[in-house]
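Written below as structure tokens is the structure these notes are about.
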Amino acid sequence: MDSQGNAYVAGNSQSQDFAVTAGAARRTWRGGDGQVNPEAGAGNGFVVKIQAIDSTLLGGSAEDRPMSITLAPDGSVWTVGHTPSTDFPVTEDATQLTNRTVGESGDLRAADGVVSQISDDGSP
């Protein structure tokens with residue numbers, strides 16, 4: 001993150017219509033023909049700057065792992081993953097109010113699946 005709270009993500013894309021901004025260093029795809037490594041395909045590297053509006057931590061005292069994320073039409077964010085935490089935060093109307101794993105807290109082999117919703121303002 002930079003001093004203004006923006007995060008940066010770098011990777012590789014094989015998309016020939018990757019969205020770029022007007023001031024981008026490169027605005028056209030030049031991924032080649034895939035001849036260097038045909039199994040990997042052809043692609044360009046990319047760098048994306050993400051302006052952080054809201055940020056939150058999610059979890060309890062053990063190693064909690066959101067594994068997938070999606071944005072809902074109402075602006076809320078849904079995550080699915082797993083938690084071995086016995087103190088993972090839940091709402092009063094949660095389907096399961098306590099962790100039912102067998103084993104020590106923190107043991108990912110004894111983790112419960114978890115679905116979380118975070119509202120568009122960052123609150124649970």
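Laboratory data are not the source of any read-out in this text; all were calculated from the coordinates shown. Nothing here was measured: the structure is a model prediction, and the numbers come from that model. All Cβ positions, even for glycine, are placed from backbone atoms using ideal geometry, and neighbour counts span all protein chains on display.
Highest first, please rank the peptides 11-17, 70-76, 112-118 by the mean number of other Cβ atoms sitting within 10 Å of their residues.
Details: 11-17: 11.4, 70-76: 9.6, 112-118: 15.9.
Highest mean packing first, the order is 112-118, 11-17, 70-76.
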**Fill in**
With R₀ set to 22 angstrom, the calculated FRET efficiency between the beta-carbons of S15 and D120, to the nearest 0.05, is 0.20
